[in-house]
Amino acid sequence: MQQLLYRNKLIIVALFCVWAGKSFAQTSNALPQLGKSPMQEVINALTLDEKLDIIRGAGMKYTPPDAQGTVAGNIDGKVPGAAGSTHAVPRLGIPSIILADGPAGLRIDTARSNDPKRYYATAFPIATALASSWNIDLVKQVGQAMGNEVLEYGVDVLLAPGMDMQRNPLGGRNFEYYSEDPLLTGKMASSMVRGVQSNGVGTSIKHFAVNDQESNRNNVNAIVSERALREIYLKPFKIAVKEANPWTIMSAYNKVNGTYCSESEDLLTTILRQDWNFEGLVMTDWFAGRDFVAQVKAGNDLLMPGRTMEARRIKRAIESGNLPMELLDRNVEKILNVILKSPSFKNYKISNNPDLENHAKIARNAGAEGIVLLKNDNNCLPIKTNKIALLGNTSYDLIIGGSGSGEVYKSYSVSLNEGLTDAGYKVDNQLASEYISYIQKEKEARPPRHSILDVVKPTSEMPLDNNTLEQLVNTNDIAIITIGRNAGENSDRDIETDYYLNSQELELIKKASQIFHAKGKQIVVILNVDAVTDVAKWRNWVDGILLVWQPGQEAGHSIADVITGKINPSGHLTSTFPLAYADVPSADCFPGEPAERPETTIYNEDIFVGYRYYCSKNIPVAYEFGYGLSYTQFSYSNLKLSSLKFKDEIDIEVTISNTGNVAGKEVVQLYLSAPQLKLDKPVEELKAFAKTELLEPGASQTLQFTLDAKSLASFYTVQSSWIAEAGEYTVKIGASSSDFKLSKSFSVKNDIIVEKVNKVLTPQIEIREIIK
């Protein structure tokens, strides 16, 4: 018996040792975990199928908008209504991350299953309105607020900002972009990225690159010279990469010089990663491109929103040897590096309760600072009288932002009628009642909206006869007419119905102006528009013009703050307002051929986009780039250059003084004229800008700028180099691209090769130069 017990004990001990050995082996061979193990170990532990999951999104659902605000994209559970997410691999500690739209504010669903609460976001002013402030600190503040909502609602990456060029006034998504100028665009986008990412969430700057139109955007081939690419269309992205380090970049739908952007190794690897040293990840726009294997090879790391066919085709390429595993692993690593930084990986405890009240105040101030005063005859603004006849449908139904991915589901919006009433003005109640009733009936008669891509156009103007206007002039002190425009994804603007005012609008402005002027009373037009709109036909009929763009959910209050004089308008134009659409340099080649569904669009204007063209060719415009009036006046003095001979850099300073009677801010713009011995160049280009602090009457501020060799350089295609040409350069300081106050010159003794880059993206056809 004792021997039997002894033998059993031995067996138990042996079994324990075997178990302990196995347990130790399992512990020592534990699976690597993201963030705890070396990255290469984590990648090596992934199966091929898991890698294929990681490089493509988790898919998306599509549901049309309804009363609860359901939108395109539906991430079950965590953030309904977000645009997409990545796959998780729990066994290796890899979570999914959430991506959501948001050029003007976070776009998510307001309703959640079995939850009576509504999850609204703040609708901020559109990008063009923000850029019109020329205030990078203000844009950063908006970004900080926007990023806080991204964080607290459980999103990891905001698909913004948009930063393509406003090449043509008809671009359908111009409202999501900042300017016709690459420097201004790059600086504004950098500020937005820094603001958003200060919350520990990411951004995805888009659409890389040359996505300047919506007509056949998924297939159109943009034919652009190497120089125009480098100086105009890629430059803002380069600025944002260098100055703000965005977590991600979104490649564009279109082709550039024959290759889809998402499949272009020249664009995504050679330029972005080699020339610019970008280390973040690149994702496709949703359903972009055709060749998934080419996308992986090109360095397009994440394919969104994710499709099963992508995994099948890439897997076949791996197994056949057509796609090296190293390239797939490279892309996986880029994605995992972003996941490591994300709130989801860090298990951030979301509140679902961002400070919307404070963010609304930021939106209100930003909306007001982006307003541009275009005309102010006889100081008709600010309005000092009390009784206002508020005309135009949009006065009661302001357009706060565009359609598509730029749309935001907010809890409220403020009409101009409400904003002026809150400010203490007496708006004609009978007229308001008639307009509101008319607009409601017009909207009820419209077919239902089926998609966020359906652009909501303003209703047809309510007819007003002469008798009605005669009655209004007798009972009101001044008239305000609001003209509205809207646009969005998938279609560009129409010349006749979007760019030019229609016959009803022109008739309203003309008749109202004649009747009010006959009684010695003034009339003001407010442009509540998404992009550059014609003013030449009617601007001489009215006393004042306020360009308010689409100012966000606090629109009515923002506009009222300027109309009352509570805020002195300090916005300046970020795009030129021409005298006629035919004057636009790209008018004869936009959106391309064939016009109905263009396959190719040739950028014949080359580098001469916007003011670069108008100024160089001496073409008169309605309002030039950089233009904007104020309720006060400013003087410029004491322009100083640190040297008259360039070596490495030149410091510049100028003093701005408020010589008027009202506190205000001035936008100070520095342009540079360069020698043109070897290349045609614009007569001047924006090289720096700054906005003063709020200057009280009589106060002054000295601003400093620095120009380095990069600021002087142009791109020489033959040498694939940025070169600052020897010769004389002239610094021009002023309030717009044609309103220069002071100038001084300096010289560069010898050519300076600033940067040599790879020769890529050469167009297959010659680009016609239109400036000689």
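The values are calculated or read from the model by the stated rules, or taken from the named source; none is laboratory data. The shown structure was predicted, so the numbers you read here are calculated from the model rather than taken from an experiment. All Cβ positions, glycine included, derive from the backbone under ideal geometry; neighbour counts span all protein chains shown. Keep in mind that these areas ignore ligands, DNA and RNA; they rest on the heavy atoms of the full protein, side chains included. Shrake-Rupley method; radii C 1.70, N 1.55, O 1.52, S 1.80 Å.
Can you tell me the length gained on complete extension of the stretch Gln141 to Ser411, counting 0.36 nm per residue apart and subtracting the Cα distance? Please report the intermediate quantities before stating the final value.
Numbers: separation 270, 0.36 × 270 = 97.20 nm, distance 2.10 nm.
Extra length available between Gln141 and Ser411 comes to 95.1 nm.
Could you tell me what percent of the DSSP beta bridges with both partners in the stretch 187-329 are antiparallel, to the nearest 5?
Values: 2 of 12 bridges.
So the antiparallel bridges in the stretch 187-329 amount to around 15 percent.
Probe 1.4 Å, all protein chains in place: accessible area of Leu573 in Å², nearest 10?
Rounded to the nearest 10, the figure is 0 Å².
For the chain, what is the calculated [θ] at 222 nm in deg cm²/dmol (nearest 500), taking -39500 (n - 2.57) for each run of four or more DSSP H residues and dividing by its residue count? Before the final figure, lay out each step's value.
Numbers: 18 runs with 209 residues, N = 772.
My calculation for the chain gives -8500 deg cm²/dmol from helical runs alone.
Quick one: accessible area per residue over the stretch 104-170, 1.4 Å probe, rounded to a whole number of Å²?
On the way: 1420 Å² over 67 residues.
With the other protein chains kept in place, the stretch 104-170 gives 21 Å² per residue.
Express in whole angstrom the spacing between the alpha-carbon centres of the stretch 294-343 and the stretch 160-196.
First find each Cα centre; the distance between them is then 29 Å.
Using the Cα centre of the stretch 353-416 as the reference point, and only Cβ charges (+1 on K/R, -1 on D/E), how large is the resulting charge dipole? Debye, rounded to the nearest 20.
Values: 6 positive and 6 negative charges, 54 e Å.
Its charge dipole is roughly 260 debye.
Can you work out the FRET efficiency for the pair Arg330 and Glu243, with r the C-beta to C-beta distance and R0 = 22 Å, to the nearest 0.05? The partial results should precede the final answer.
Values: r = 26 Å, r/R0 = 1.16.
With a Förster radius of 22 Å, E is 0.30.
Hey, can you rank 396-405, 442-451, 43-52 by average C-beta count inside 10 Å, highest first? Walk me through the numbers before you get to the answer.
On the way: 396-405: 26.2, 442-451: 10.5, 43-52: 16.2.
In decreasing order of mean packing, 396-405, 442-451, 43-52 become 396-405, 43-52, 442-451.
Suppose the chain between Lys759 and Lys441 were pulled fully straight at 0.36 nm per residue; how much longer would it get relative to their current alpha carbon spacing?
Numbers: separation 318, 0.36 × 318 = 114.48 nm, distance 5.90 nm.
The span from Lys759 to Lys441 would gain 108.6 nm if fully extended.
Shape of the stretch 593-714 from its Cα gyration tensor (a ≥ b ≥ c, root eigenvalues): rounded if a/c is under 1.5, otherwise prolate when a/b > b/c, or oblate? Mind showing how you got there, number by number?
Numbers: a/c = 2.89, a/b = 1.46, b/c = 1.98.
It comes out oblate by the Cα gyration axes.
What helices in the chain pass both tests, a Cα length along the helix axis of 15 Å or more and a mean Kyte hydropathy of -1.0 or higher, using whole DSSP H runs?
On the way: long enough: 2-28 (38 Å, 0.55); 136-152 (24 Å, 0.16); 182-197 (22 Å, 0.31); 308-320 (18 Å, -0.88); 325-341 (25 Å, 0.28); 356-369 (19 Å, -0.75); 429-444 (23 Å, -1.15); 503-518 (22 Å, -0.23).
Once both thresholds are applied, what remains is 2-28, 136-152, 182-197, 308-320, 325-341, 356-369, 503-518.
Take every Cα pair under 8 Å in the stretch 509-620 that's 6+ residues apart, average their separations, divide by the length, and report that relative contact order as a whole percent. Don't jump to the answer; show the numbers that get you there.
On the way: 105 pairs, mean separation 21.7, N = 112.
In percent, rounded to a whole number, it is 19.
Run the simple label-point estimate for Thr497 and Leu641 please: 7 Å along Cα→C-beta, distance reported in nm.
5.3 nm
Could you tell me which of rounded, prolate or oblate describes the stretch 201-354, using a ≥ b ≥ c as the square roots of the eigenvalues of the alpha-carbon gyration tensor, with rounded for a/c under 1.5 and, failing that, prolate when a/b is larger than b/c and oblate otherwise? Before the final figure, lay out each step's value.
Numbers: a/c = 1.57, a/b = 1.10, b/c = 1.42.
Oblate, because a/c is 1.5 or more while a/b does not exceed b/c.
Between Glu279 and Asp739, 0.36 nm times their residue separation minus their Cα-Cα distance comes to what? It would help to have the intermediate numbers written out before the result.
Numbers: separation 460, 0.36 × 460 = 165.60 nm, distance 4.11 nm.
Stretched fully, the Glu279-Asp739 segment lengthens by 161.5 nm.
Where in the stretch 294-317 is the amide nitrogen less than 20 Å from a point lying 7 Å along the Cα-to-Cβ axis of Leu453?
Answer for this model: 303-310.
I'd like the GluC sites (Glu not before Pro) in the stretch 449-553 restricted to DSSP loop residues with at most 16 other Cβ atoms within 10 Å, sorted by number.
On the way: sites: Glu461, Glu470, Glu489, Glu496, Glu505, Glu507; in loops: Glu461, Glu489.
Of the GluC sites (Glu not before Pro), not one in the loops of the stretch 449-553 has a Cβ with at most 16 other Cβ atoms within 10 Å.
Using a 1.4 Å probe and ignoring any ligands, DNA or RNA, find the accessible area of Lys756 and quote it in Å² to the nearest 10.
140 Å²
What is the packing order of peptides 669-675, 97-103, taking the mean over residues of other C-beta atoms within 10 Å and listing the highest first?
Values: 669-675: 21.3, 97-103: 27.6.
Averaged packing, sorted descending, gives the order 97-103, 669-675.
GluC sites (Glu not before Pro) within the stretch 572-611: which are DSSP loop residues with at most 15 other Cβ atoms inside 10 Å? Mind showing how you got there, number by number?
Numbers: sites: Glu596, Glu599, Glu605; in loops: Glu596, Glu599, Glu605.
For GluC sites (Glu not before Pro) across the stretch 572-611 that sit outside H, G, I, E and B with at most 15 neighbouring Cβ atoms in 10 Å, the list reads Glu596, Glu599.
Quote the FRET efficiency, to the nearest 0.05, computed for Ala595 versus Gln471 with a Förster distance R0 of 45 Å and r equal to the Cβ-Cβ distance. Show your work: numbers first, answer last.
Numbers: r = 46 Å, r/R0 = 1.03.
So the FRET efficiency works out to roughly 0.45.
Along the Cα-to-Cβ line of Asn429, 7 Å from the Cα, sits a label point; which residues in the stretch 364-395 have backbone N less than 16 Å from it?
Within reach of a label on Asn429, which here means backbone N under 16 Å from a point 7 Å along Cα→Cβ, the stretch 364-395 contributes 387-390.
Send over a whole-number figure in Å² for the accessible area per residue of the stretch 669-733, probe 1.4 Å. Please list the in-between numbers first.
Values: 2440 Å² over 65 residues.
Per-residue accessible area for the stretch 669-733 comes out at 38 Å².
Just want to confirm a number: the relative contact order over the stretch 411-531, from Cα pairs under 8 angstrom separated by 6+ residues, in percent.
Numbers: 89 pairs, mean separation 33.8, N = 121.
Here the relative contact order equals 28 percent.
Tell me whether the stretch 392-537 comes out rounded, prolate or oblate; compute the Cα gyration tensor, take square roots of the eigenvalues as a ≥ b ≥ c, and use a/c under 1.5 as the rounded threshold. If you can, show how the numbers build up before the last one.
Numbers: a/c = 1.95, a/b = 1.53, b/c = 1.28.
Prolate is the answer for the stretch 392-537, as a/c is 1.5 or above and a/b outweighs b/c.
Using the Cα centre as the reference, give the magnitude of the dipole from point charges on the C-beta atoms of the chain (Lys, Arg: +1; Asp, Glu: -1; all else neutral), rounded to the nearest 20 debye.
Details: 80 positive and 90 negative charges, 415 e Å.
Once rounded to the nearest 20, the dipole reads 2000 debye.
Relative contact order for the chain using alpha-carbon pairs under 8 Å, separation at least 6, rounded to a whole percent? Could you put the intermediate results ahead of the total?
Details: 1880 pairs, mean separation 107.9, N = 772.
Answer for the chain is 14 percent.
Over the stretch 495-613, give the accessible area per residue in Å² for a 1.4 Å probe, as an integer.
Numbers: 3580 Å² over 119 residues.
Using a 1.4 Å probe on heavy atoms only, each residue of the stretch 495-613 averages 30 Å².
For the chain, which whole-number percentage of the solvent-accessible area (1.4 Å probe, protein heavy atoms only) is attributable to carbon and sulfur atoms? Don't skip to the end; give the middle numbers.
Values: 14530 of 29530 Å².
The computed percentage sits at 49.
For the chain, give the share of DSSP beta bridges that are antiparallel, in percent and rounded to the nearest 5; count only bridges with both residues there. Please report the intermediate quantities before stating the final value.
Working: 57 of 97 bridges.
The antiparallel fraction comes to roughly 60 percent.
With a 1.4 Å probe and all protein chains kept in place, how much accessible area does Leu138 have, in Å² rounded to the nearest 10?
10 Å²
Run through the stretch 342-386 and list the trypsin sites (Lys or Arg not before Pro) located in a DSSP loop whose Cβ has at most 14 other Cβ atoms within 10 Å. Intermediate values should be presented prior to the final figure.
Working: sites: Lys346, Lys349, Lys361, Arg364, Lys375, Lys384; in loops: Lys346, Lys349, Lys384.
Answer in residue order: Lys346, Lys349, Lys384.
Which links in Lys640/Lys749; Lys710/Lys732; Lys375/Lys511; Lys315/Lys756; Lys242/Lys741; Lys140/Lys617 stretch past 26 Å when you go from one Cα to the other?
Working: Lys640/Lys749 20 Å; Lys710/Lys732 18 Å; Lys375/Lys511 19 Å; Lys315/Lys756 38 Å; Lys242/Lys741 32 Å; Lys140/Lys617 36 Å.
Over 26 Å apart, Cα to Cα: Lys315/Lys756; Lys242/Lys741; Lys140/Lys617.
Could you put Cys261, Cys615 in order of accessible surface area, largest first, with the 1.4 Å probe and the full protein assembly present?
Values: Cys261 0, Cys615 30 Å².
Listed by decreasing accessible area, they come as Cys615, Cys261.
Please report the spacing between the Cα centers of the stretch 470-538 and the stretch 109-125 in Å, no decimals.
Going from one Cα centre to the other spans 34 Å.
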